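The values are calculated or read from the model by the stated rules, or taken from the named source; none is laboratory data. Because the structure is a prediction, the values reported are computed rather than measured. Don't worry about glycine lacking a Cβ; one is built from the backbone with ideal geometry, like all the others, and counts go over all protein chains shown. We work out accessible area using only protein heavy atoms, side chains counted, and drop any ligands, DNA or RNA first. Shrake-Rupley method; radii C 1.70, N 1.55, O 1.52, S 1.80 Å.
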Amino acid sequence: MGYLNFTKYLYLLAALFAAFDVVTHWQDNPKPWISVGIALVSLFLYFFRNHFGKKFKNRQNSSQP
């Protein structure tokens, strides 16, 4: 189960990499809209996994005697 805690940070790393790509290539034509989308989806997945990871951990801790 430990690798699931690690994967949320991979989403955050992907978001940072995509955001860096957007900042460095924003003046190009066409605009890097794919990188913007990847950054937004990666940020959403990071926060989604973080929220539900905490929720499941709290549920597991409360069910133990």
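Here is how the numbers come out for the structure above:
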{"read-out": "Count of residues meeting criterion [open to solvent by 40 Å² or more (accessible area, probe 1.4 Å) and touching a residue at least 24 places away in the same chain (Cβ under 8 Å)] in the stretch 15-39", "value": "1"}
{"read-out": "Selection within the stretch 8-38 - small (Gly, Ala, Ser) and under 8 Å from the mean Cα position of the chain (by Cα)", "value": "ALA14, ALA15"}
{"read-out": "Subset of the stretch 41-51 [open to solvent by 60 Å² or more (accessible area, probe 1.4 Å) and in contact (Cβ under 8 Å) with a residue 12 or more places away in the chain]", "value": "LEU43, ARG49"}
{"read-out": "One residue from LYS8, LYS54 being basic (Lys, Arg), loosely packed, with under 12 Cβ neighbours inside 10 Å and not in a loop (DSSP other than H, G, I, E, B)", "value": "LYS54"}
